[in-house]
Every structure is written in structure tokens, then in C-alpha cells.
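> Below is the structure I would like to discuss, written out as C-alpha cells.
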Amino acid sequence: MDIKNNLSEVHKKISSACLRANRSVDDVTLICVSKTKPVEMLIEAYAQNERCFGENKVQEIVEKYDKLPPEAKFHMIGHLQTNKIKQLLGKCTLIHSVDSLYLAKAIDKEAKKKNITVDILIEVNAANEATKYGVSFEQVPGLVIEISKLSNLCIRGLMTVAPYVENGEDNRPIFKKMYQLFVDLKCKNIDNTNIDILSMGMTGDYEVAIEEGATMVRIGTGIFGARNYNI
Ligand SMILES: *Cc1c(COP(=O)(O)O)cnc(C)c1O
């Protein structure tokens, strides 16, 4: 696996997508999705100046956290169980996967104990897939209002895992809808929120996501190769 080469390809494609959309590359953050991958691979990406890593298990964040320099930032992108929150806080820079008031309250409670503010995104199940986590588009505004009342959380925006498609172009309508909702929320200027992050786009569709306004893309396979879940 040539991580260095993969990263340079990814950055080239991010730049081209930004150019097509008349956006600055500085407005798009690459999250290297390192779930299931050994810490050596993260260190290799770190050596190529990557600083953001996406993981979907608290246990993996906890294990990898101590093995990387403090400049490395971990993003929680997977479903979060309330009994794991305590271990996670302090080791994760952004939780992308908040999908209920129940979970938000539990994070807020732990954040209060630690006297910190936790940045979060609301996960949207944009295509209403039964197998996916997240709330519907319709539920987002109401949930944002409720969560904004929790003083130790700061809502920074939205995240979605779009359907798996052969052709990334097929997800364009979903990304457009996400961007619309993102802008609508931003314009509301709700107290105690700071809406500036739209996390969407994975290996198969990140260029389209950037063209439609993503500010964070989460790329795993395109950097670290296919994942093996049988080990
Ligand atoms: C695994 C994962 C990714 C990365 O997917 P790739 O297709 O390997 O780029 C992105 N986001 C989330 C939430 C994931 O779980």
C-alpha cells in the first residue's frame, strides 16, 4: 500500500474539485479514515503532514491516541454508545455522529464533569436507509434547537454517509440537499451553535461532495486500501 502516493492522488483530486467549484482548497479538510488500520499506517500519513484521523470505535481512538503526536486529531465518525463517552472525551476533536437528543444529553453530562465544551455534528440519514444511523432531513431543525440548549456542546454542522454507489455522481442530489440544509441552519444563527462544517463525501464520491459544498471529506479506502474485517 503506497500511502504517500495515494495521498498525493487524493489531494490532486480535492484540488481539481475545488477549482471546478471555484472554492479554496483551504476550505476543505481531509479526514484520513484509519479505522481497522494499524497505527504504523497513521504514522505514515502523519509523516505526509496529515493531521486528522477518522475512527468509528472509541477503543481504537483510545489505543491510537497515545501512539501519535499530540498534533494528530481524532474524529469520531461511527455510532457512539453512551457508555463509551467518558473514555472518548478529551481524545477526540469532533464527534460527527450525534443522532439523538438522548446521546447529546449524555455527552453534555460527561462534558460538564470534565469542564469542557464538545464540538459535534448532527448525523443525517439522507437517503432514509434502514441500515444507517442518523436523523431524517425533517428532524434536523428541531433536534438542533433542542441540542443547542445543552451548554457544554457546540453544534458545528452536519454529517452524512451517503448510499454506496458505483458512480459518485448518483449522490449529487443528496449532497445538494445537505448543503441546502447546512446553509439554512447557518442562516438561523441559533444561540450556542457555530455552524461551519459539512462533513460528506467518501472514497467513491468525495469529488462530487466537494463540488456541492463539503467542508470535510472522510476518505479511508482511497488512502489506506481496502479494509479487512476478518482479522
Ligand atoms: C468507513 C467510513 C468512511 C470511509 O469510507 P471509504 O469508502 O473507505 O472512504 C467514511 N465515513 C464513515 C462514517 C465511515 O464509517
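The values are calculated or read from the model by the stated rules, or taken from the named source; none is laboratory data. As the structure is a prediction and not an experimental result, all values here were calculated from the model. Don't worry about glycine lacking a Cβ; one is built from the backbone with ideal geometry, like all the others, and counts go over all protein chains shown. What goes into the accessible areas is simple: the full protein's heavy atoms, side chains included, and nothing from ligands, DNA or RNA. Shrake-Rupley method; radii C 1.70, N 1.55, O 1.52, S 1.80 Å.
Condition check ((1) assigned to a helix (DSSP H, G or I); (2) more than 20 Å from residue 199 (Cβ to Cβ); (3) free of Cβ contacts under 8 Å to residues at least 12 places away in the same chain) across all residues:
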| site | (1), (2), (3) |
| --- | --- |
| 37 | no, no, no |
| 42 | yes, no, no |
| 46 | yes, yes, no |
| 71 | no, yes, no |
| 78 | no, no, no |
| 90 | no, yes, no |
| 96 | no, no, no |
| 104 | yes, no, no |
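> In the stretch 1-20, what count of residues is obtained for those that are buried (at least 17 other Cβ atoms within 10 Å of the Cβ) and either more than 13 Å from the ligand (Cβ to nearest atom) or aliphatic (A, V, I, L, M) (or both)?
Total meeting the criteria: 6.
> Scanning for something assigned to a loop (DSSP other than H, G, I, E, B), crowded, with 18+ Cβ neighbours inside 10 Å and charged (D, E, K, R), does the stretch 112-125 turn up at least one residue? Steps first, please.
Taking the stretch 112-125 first, the residues assigned to a loop (DSSP other than H, G, I, E, B) are 115-117, 125.
Then keep just the ones that are crowded, with 18+ Cβ neighbours inside 10 Å; that gives 125.
Imposing the further condition that a residue be charged (D, E, K, R) reduces the set to none.
No, that holds for no residue.
> If a residue has to be in contact with a strand residue (DSSP E or B) (Cβ under 9 Å, 6 or more places away or on another chain), open to solvent by 10 Å² or more (accessible area, probe 1.4 Å) and among the β-branched types (Val, Ile, Thr) to count, how many in the stretch 70-111 make the cut?
So the count comes out to 2.
> Among the residues of the stretch 187-212, which ones are assigned to a loop (DSSP other than H, G, I, E, B), away from the ligand (no atom under 12 Å from the Cβ) and within 16 Å of residue 162 (Cα to Cα)?
Correct list: 212 only.
> What are the pairs with Cβ atoms under 6 angstrom where one residue, in the stretch 189-217, is open to solvent by 30 Å² or more (accessible area, probe 1.4 Å) and the other, located anywhere, is within 12 Å of the ligand (Cβ to nearest atom)? Sequence gap at least six, or different chains.
202/218; 203/219; 203/221; 203/222; 204/168
> Out of 120, 31, 61, I need the residue that is within 19 Å of residue 198 (Cα to Cα) and within 14 Å of the ligand (Cβ to nearest atom). Which one?
Just a single option satisfies the conditions, and that option is 31.
> Starting from the stretch 2-19, keep only residues that are touching a residue at least 12 places away in the same chain (Cβ under 8 Å) and in a helix (DSSP H, G or I), then list their pairs with residues that are among the aromatic types (Phe, Trp, Tyr) and surrounded by fewer than 19 Cβ atoms within 10 Å (Cβ to Cβ) whose Cβ atoms are within a distance under 8 Å, requiring at least 6 positions of separation or different chains.
Between residues of the stretch 2-19 that are touching a residue at least 12 places away in the same chain (Cβ under 8 Å) and in a helix (DSSP H, G or I) and residues that are among the aromatic types (Phe, Trp, Tyr) and surrounded by fewer than 19 Cβ atoms within 10 Å (Cβ to Cβ), there is no close pair.
> Can you name every residue in the stretch 34-58 that is more than 14 Å from the ligand (Cβ to nearest atom) and open to solvent by 50 Å² or more (accessible area, probe 1.4 Å)?
38, 40, 43, 44, 47, 48, 49, 51 - these are the residues of the stretch 34-58 that are more than 14 Å from the ligand (Cβ to nearest atom) and open to solvent by 50 Å² or more (accessible area, probe 1.4 Å).
> Here's a check for you: in the stretch 83-102, which residue that is farther than 16 Å from residue 114 by Cα and more than 15 Å from the ligand (Cβ to nearest atom) is nearest to the chain's Cα centre (by Cα)?
100
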